[in-house]
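In what follows, a structure is listed as C-alpha cells, so that the remarks can point back to it.
The values are calculated or read from the model by the stated rules, or taken from the named source; none is laboratory data. In this text, all values refer to a predicted model and were calculated from it rather than measured experimentally. Here Cβ is always computed from backbone atoms with ideal geometry, including for glycine, and neighbour counts include all displayed protein chains.
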Amino acid sequence: MENVTKNLLLLLGGMLAVALCMLLSIVYGYTDTSWREAYQAFVQFNGSTDHLVIQNVRLPRALIAGAAGASLAMAGAIMQTVTKNPLAAPGILGINAGAGFFVVAAITIFGLNGTQALSWVAFAGAGLAAVLVFCISAAGREGMTPMKLTLAGAAIAAMFSSFTQGLLVLEDSALEQVLFWLAGSVQGRKLEVLQAVFPYLAAGWVFTLLLAKKLNVLAMGDDVARGLGLNLVLVKSLSVMVVVLLAGGTVAVAGPIGFVGIMVPHIARSWIGIDHRWLLPFSGLLGAVFLLAADISARYIIMPQEVPVGVMTAVIGVPFFIYIARKGFGAQ
Amino acid sequence: MKRYQVTRLSQGRISFLLDLAAIKKILLLFFLLLAVFTVSAALGDIRLSFMSVLQTFTGGGTQLDQLVVFSFRMPRMIVAMLAGMSLAMAGAILQGLVRNPLASPDIIGLTAGASAAVVSFLALFSNESNALTVSIQWLPLAAFLGAALAALLVYVLSWKNGVSPVRMVLIGIGVSALMQAATTMMMIVGPIHQASQANIWITGTVHGVNWKEVSIMAPYTVSLMIITFLAARHLNIQELGEELAVNAGVKVERQRFWLILLATGLVGGAVAFAGGIGFVGLIAPHMARRLVGSSFGPLLAASALLGAILVILADLVGRTLFLPLEVPAGVFTAGIGAPYFIYLLLRSKRL
C-alpha cells in the first residue's frame with residue numbers, strides 16, 4: 001500500500017510540475033510579461049501586444065511543448081519495452097527522418113502548403129519509416145535483436161535525411177521554410193496545428209494506458225509472455241501503432257525532436273519502478289516537464305535568437321545516450 | 001599457378017608478396033576507373049563525343065572542348081575521385097581496426113564531425129557579403145579537426161577496458177547526433193543564404209570546384225594515401241585481434257591511435273572539399289573484400305579504386321539525369337549505400 005501512496009504522490013507532483021512549467025513557459029521569454037498580465041490576458045483580454053503574445057504565441061507553444069514531450073516519452077517507454085532495447089526511441093529508429101523526408105518532399109515536389117495537410121504527410125512518413133525499420137530488424141536469422149534494430153534505424157534515418165537534403169538542395173527556397181521545422185521546434189506553431197493532431201495524440205495516450213498491463217507481461221520476455229497466454233503479435237503490432245500515432249503526431253506538430261523518448265523513460269523508471277501502469281503516465285508527465293523546460297531555456301541561450309528545442313534535447317540527451325550505451329549494452 | 005609471387009630486392013632487406021590474382025583485378029578496376037573518367041568527361045550539359053574527349057586529353061580538340069573538359073569537368077572529377085578514394089580507404093582502415101563490417105566514417109560520426117566543423121567555419125569566418133574572411137586553404141584543417149574531435153570523443157567514450165566494436169558503433173551514432181545538432185544550430189544562427197550553401201555542402205557535392213581547390217586537396221590526400229599504403233602491413237596485424245597482435249610484438253594501442261588518426265585525416269580531406277558524401281566508406285571496402293580478399297595491400301588499392309568509381313558515377317548521374325537540375329552526388333551514394341548497409345545487417349550473424 002505504501003508503494004501506491006508514494007506513486008500517487010509522484011504522479012501528483014508530476015502534474016503540478018507540468019502545470020508550473022506551462023505557466024513559466026507562458027510568462028517568460030523574449031517579451032517578458034508579468035504573471036499578473038498573463039492572468040489578465042485570459043480573464044479580461046484587452047488586445048494589447050502583451051496579451052496578444054500570450055494568447056497567440058505563448059499559450060499554443062506551451063501546450064504543444066507539453067503534448068509533444070508527453071507523447072515522445074510515452075512512445076519511448078513503449079518501444080523500450082517492446083524491443084527490449086534501452087536505447088529505443090522514435091528518433092533513433094528513423095521515424096523522425098521519415099516524417100521529415102515526406103514533409104520536405106510534399107513541399108518541394110508537390111507544392112503542398114498548409115500545416116494541416118503537412119501534418120498528414122508527416123504521419124505517413126513516420127508510419128512508413130517505422131514499418132520499414134521494424135520489418136528489416138525482424139527479418140534475418142535470429143529475429144529482432146536490439147543491436148539490429150538500432151543499426152537498421154540509423155541506416156534508414158541516414159538514407160531519409162540524405163534524400164531530404166538532396167531535395168532541399170534542388171529547391172533552396174523551401175529550405176527557409178523547413179529548416180527550423182527540421183531541427184525540431186515548438187515555436188511559432190498555431191493552435192490549429194495542435195488541434196488537428198490532438199485527437200491522435202489523445203487516442204495514443206489512452207491506448208498507451210490500456211496497453212500498460214500487457215506490457216508488464218511482455219517485459220518478462222517473449223517466452224514467458226507466450227506461456228502466460230499473451231498474444232505477442234497482437235500486442236506488439238498494437239504497440240507499434242500506438243508509437244506511430246504518438247511519434248507521428250508529435251513530428252507533425254513540432255518537427256523531429258530527439259532523445260526525449262530515450263532519456264525520460266529511464267529517469268521515470270528509476271523513480272517509480274518498472275510497473276507500466278505507473279511508469280507510462282509518469283513518463284508522460286516527466287516528458288512534458290522536460291520538453292517545456294528545454295523550450296524555456298532555449299529562449300534564453302542565444303537571445304534574441306532561439307535555439308531550436310530539438311538541438312537542446314540533443315545536447316542534453318546525447319551524453320545520456322552514451323551513458324546508457326556504456327552501461328547497458330557492452331555487457332549483453 | 002601459385003597465388004603469390006615472392007619478390008626480393010637483391011640489395012637491402014626489402015621483400016614482399018605479390019598476389020597475382022589480386023593485381024589482375026586491381027588492374028581491371030583501374031581501367032574501369034579510366035573508362036568511367038572518360039565517360040564522365042564526355043557527358044553533361046554539353047555532350048562531347050568520346051573521340052573528341054580523347055583528343056582533348058592528348059592536347060587536341062577545339063577550344064570549346066578544351067574549356068569544357070579542362071576547366072569545368074576535370075576539377076570536379078578529380079575531386080570526386082580523390083574524395084571517393086579517401087573515404088573508401090578510411091572505411092577500410094576503420095573496418096580493419098574495429099573488426100566490425102559495419103564501421104564506416106559516417107556511422108561512427110567522423111563525417112558528421114567534419115561537417116559540423118566546416119559549417120561552423122563557413123558561419124564564423126564569412127562576412128556580410130558571404131565572402132570568406134580567411135583563406136579557404138584552412139577549410140581542410142577545420143574539417144580534419146572536426147573529424148578528429150568526433151573520433152576522439154567516440155574512442156574515449158567507448159573505452160572501458162578496451163574498445164568494444166559494438167559500443168564504438170553505438171556511441172558513434174550518439175556522437176553523430178550531437179554533431180548534427182551542432183550543424184543545425186550553426187545553420188540556423190547564420191543567415192539563410194549561408195544555410196543553403198551549407199546544406200548543399202553537407203549532402204556532398206563536387207559541384208563548382210575549381211583547379212585551386214584541386215591544388216590544395218591533391219597533395220594533402222595523396223600524401224595521406226601513400227602513408228596509408230605504407231601502413232597496410234600494420235593493419236593486417238591489427239585485424240588479427242588484440243591478443244594475437246600483442247603476441248606478434250606490436251604496440252597495439254599506439255598503432256591503433258596512428259591508424260585512427262590516418263583515417264580521420266583522410267575523411268577530413270574528403271569532407272572538406274566534397275562534403276559529406278555518405279556510405280562510400282562503408283560499401284567500397286566491402287565490395288573490395290569480395291574481389292581481392294582481406295589482405296590489406298590489395299584491399300586498400302581496390303577499395304580506393306572502387307570508391308573513386310562510385311563517387312564519379314554518382315556525380316555523373318547527379319548532373320546528367322535531371323538536367324538542368326543538379327542532384328548532389330551524396331544523394332545517390334546514400335540511395336545505394338543504405339540498402340546495402342541493411343543487406344549487410346540482415347546477413348551478419350553476430351549482432
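Here are the numbers for this structure:
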| item | result |
| --- | --- |
| Per-region count, the range A:299-314, residues surrounded by fewer than 24 Cβ atoms within 10 Å (Cβ to Cβ) and in a helix (DSSP H, G or I) | 2 |
| Residues within the range B:198-213 that are surrounded by fewer than 18 Cβ atoms within 10 Å (Cβ to Cβ) and either at pLDDT 80 or above or within 22 Å of A:Gly310 (Cβ to Cβ) (or both), tallied | 2 |
| Test result for B:Leu282, of a type outside the set (Gly, Ala, Ser), in contact with a Ser or Thr (Cβ under 7 Å, 6 or more places away or on another chain), within 14 Å of another protein chain (Cβ to nearest Cβ) and over 21 Å from B:Val39 (Cβ atoms) | yes |
| Unmet requirement for B:Val206, which otherwise passes all of (1) within 14 Å of chain A (Cβ to nearest Cβ); (2) closer than 24 Å to B:Leu152 by Cα | (2) |
| Conditions (1) away from every other protein chain (no Cβ under 14 Å); (2) modelled with pLDDT of 80 or more; (3) over 29 Å from A:Val235 (Cα atoms); (4) crowded, with 21+ Cβ neighbours inside 10 Å: number failed by A:Ala99 | (3) |
| All positions within the range A:150-186 that are assigned to a helix (DSSP H, G or I), over 23 Å from A:Ala298 (Cβ atoms), modelled with pLDDT under 75 and more than 7 Å from chain B (Cβ to nearest Cβ) | A:Ser173, A:Ala174 |
| Those residues of the range A:269-292 which are over 23 Å from A:Ala202 (Cβ atoms), in a helix (DSSP H, G or I) and among the small types (Gly, Ala, Ser), in sequence order | A:Ser270 |
| Every residue from the range B:238-270 that is aliphatic (A, V, I, L, M), modelled with pLDDT of 75 or more and in contact with a Leu (Cβ under 8 Å, 6 or more places away or on another chain) | B:Leu259, B:Ile260, B:Leu262, B:Ala263, B:Leu266, B:Val267, B:Ala270 |
| Filtered residues of the range B:320-335 (kept if part of a helix (DSSP H, G or I) and either under 17 Å from A:Thr164 (Cβ atoms) or among the aromatic types (Phe, Trp, Tyr) (or both)) | B:Ala329, B:Gly330, B:Val331, B:Phe332, B:Thr333, B:Ala334, B:Gly335 |
| Filter result (among the acidic types (Asp, Glu) and not in a loop (DSSP other than H, G, I, E, B)) within the range B:19-54 | B:Asp19 |
| Matching residues, the range A:290-316, being among the polar types (S, T, N, Q) and over 23 Å from B:Ser176 (Cα atoms) | A:Ser297, A:Gln305 |
| Scope the range B:39-83; condition surrounded by 15 or more Cβ atoms within 10 Å (Cβ to Cβ), without any contact (Cβ under 8 Å) to a residue 24 or more places away in the chain and among the β-branched types (Val, Ile, Thr); matching residues | B:Val53, B:Thr56 |
| Matching helices (runs of 4 or more DSSP H) fully within the range A:1-117 where at least 2 residues are under 30 Å from A:Leu128 (Cβ atoms) and under 22 Å from the mean Cα position of the chain (by Cα) | A:59-83, A:95-108 |
| Residues being assigned to a helix (DSSP H, G or I) and buried (at least 24 other Cβ atoms within 10 Å of the Cβ) - total across the range A:258-268 | 7 |
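Residues are listed down the side, and each one gets a yes or a no for (1) more than 11 Å from the chain's Cα centre (by Cα); (2) under 30 Å from A:Phe160 (Cα atoms); (3) among the aliphatic types (A, V, I, L, M):
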{"residue": "B:Gly249", "(1), (2), (3)": "yes, no, no"}
{"residue": "B:Leu262", "(1), (2), (3)": "yes, yes, yes"}
{"residue": "B:Gly269", "(1), (2), (3)": "no, yes, no"}
{"residue": "B:Ile277", "(1), (2), (3)": "no, yes, yes"}
{"residue": "B:His286", "(1), (2), (3)": "yes, yes, no"}
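One line per residue, one yes/no per condition, for (1) under 24 Å from A:Leu9 (Cα atoms); (2) touching a residue at least 12 places away in the same chain (Cβ under 8 Å); (3) among the acidic types (Asp, Glu); (4) surrounded by fewer than 24 Cβ atoms within 10 Å (Cβ to Cβ):
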residue	(1), (2), (3), (4)
A:Thr250	no, yes, no, no
A:Pro256	no, yes, no, no
A:Trp271	yes, yes, no, yes
A:Phe282	yes, yes, no, no
A:Leu285	yes, yes, no, no
A:Ile296	no, yes, no, yes
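Rundown of residues vs (1) over 17 Å from B:Ala103 (Cβ atoms); (2) surrounded by fewer than 19 Cβ atoms within 10 Å (Cβ to Cβ); (3) free of Cβ contacts under 8 Å to residues at least 12 places away in the same chain, yes/no style:
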| position | (1), (2), (3) |
| --- | --- |
| B:Leu313 | yes, no, no |
| B:Gly318 | yes, no, no |
| B:Leu323 | yes, yes, no |
| B:Ala329 | yes, no, no |
| B:Ala334 | yes, no, no |
| B:Ile342 | no, no, yes |
| B:Leu346 | yes, yes, yes |
